[in-house]
Amino acid sequence: MDDKPTVYMMHYLDKTVLIADKDKNHVYIGVLRSFDDKNDIVLESCTERFYCGDCYSDCFIGLITIKGESTTVIGLYNAEKHKDLGLRRVPIAALKPFYTEFDQEQREKDIKVLHEKEEMLREDVFGDYRK
């Protein structure tokens with residue numbers, strides 16, 4: 001097993017890191033306290049940062065565990081460089097309508113998929129029960 005990711009992650013311990021997840025619309029910023037061989041990560045004093053256009057908003061979480069399979073990028077966080085990006089900080093309520101709409105659409109898709117899987121399972125177990 002290649003242990004290089006573990007070696008690199010050790011340099012980030014007890015430092016403020018930024019982690020992007022597969023969703024890519026938001027990131028987590030916090031102090032890296034722990035990780036394992038699957039790159040599951042524990043962040044302390046964590047903030048979830050949402051982006052929308054040239055705006056961003058922070059939502060304090062505290063202590064969080066992030067599964068390694070859901071992360072795409074991890075790196076040291078530099079607040080000074082973030083200020084140079086020219087993004088405006090706005091209240092979370094200003095971005096909430098965008099995420100609420102997305103979340104609702106995603107929930108509806110998930111429910112539809114679950115119903116389809118449930119139908120296939122019934123057919124496999126009971127045959128075509130609608131006859």
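Please treat every number below as a calculation from the coordinates, not as lab data. These numbers were taken from a predicted model, which means no experiment stands behind them. For neighbour counting, all protein chains shown are included, and Cβ atoms are generated from backbone atoms with ideal geometry for every residue, glycine included.
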**Complete:** Over the Cα atoms of the range 1-90 the radius of gyration and the largest Cα-Cα distance (Dmax), both in Å, equal 13.3, 44
**Asked** If you rank Arg49, Arg89, Arg33 by fewest surrounding Cβ atoms within 10 Å, what's the result?
**Response** Arg89, Arg33, Arg49
